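Below is one structure; the comments refer to it alone.
The values are calculated or read from the model by the stated rules, or taken from the named source; none is laboratory data. This is a predicted model, so every value here is computed, not measured. Heads up, the Cβs are rebuilt from the backbone with ideal geometry, glycines too, and the neighbour counts pull from every protein chain shown. Protein only, heavy atoms only, side chains kept; ligands, DNA and RNA dropped before computing areas. Shrake-Rupley method; radii C 1.70, N 1.55, O 1.52, S 1.80 Å.
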Amino acid sequence: MTDDLISSVYRQIRPDLVGVTVCGESVRVTRHDLPSAYIQGELPHWWRVYVDGDYLCGMETVLDAFRAIQLIRDIQGVVNHV
């Protein structure tokens with residue numbers, strides 16, 4: 001089951017950009033350019049998004065999950081510069 005999740009990740013994101021850790025039936029994915037944020041998936045395909053250790057939301061695809069992280073990072077950057 002986790003093989004399907006890992007394949008899904010690598011079909012959507014270049015393998016050199018991410019780190020994948022398998023823990024039981026779930027897969028945790030980090031991107032090297034988005035520190036202290038990660039997504040975690042289990043079958044059926046649903047990706048939980050975590051930023052700074054806090055659960056943010058659930059997304060259907062790996063790309064949407066990382067877009068959500070990027071959006072939060074962009075918002076945090078704007079707030080920090082105000």
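For the range 42-61, taking the residues that are hydrophobic (A, V, I, L, M, F, W, C) and modelled with pLDDT of 90 or more, the one that is surrounded by the fewest Cβ atoms within 10 Å (Cβ to Cβ) is identified as C57.
Checking each residue in the range 1-29 for being small (G, A, S) and in contact with a helix residue (DSSP H, G or I) (Cβ under 9 Å, 6 or more places away or on another chain) picks out S8, G24, S26.
When L63 is tested against the conditions (1) farther than 17 Å from Y10 by Cβ; (2) out of contact with any strand residue (DSSP E or B) (no Cβ under 7 Å at 6 or more places or on another chain); (3) hydrophobic (A, V, I, L, M, F, W, C), the lone failure is (1).
Taking strands (runs of 3 or more DSSP E) as the structural unit, those lying wholly within the range 5-55 and holding at least 1 residues that are of a type in the set (S, T, N, Q) and without any contact (Cβ under 8 Å) to a residue 24 or more places away in the chain correspond to 18-23, 26-31, 37-42.
How many residues does the range 22-41 contain that are over 12 Å from the mean Cα position of the chain (by Cα) and open to solvent by less than 80 Å² (accessible area, probe 1.4 Å)? Steps first, please.
Going residue by residue through the range 22-41, those that are over 12 Å from the mean Cα position of the chain (by Cα) are 22-26.
If we keep only those that are open to solvent by less than 80 Å² (accessible area, probe 1.4 Å) as well, we get 22, 24, 26.
Qualifying residue count for the region: 3.
Look at the range 58-69: where a residue is part of a helix (DSSP H, G or I) and a partner is charged (D, E, K, R), sitting 6+ places away or on another chain with Cβ atoms under 7 Å, you get F66/R31.
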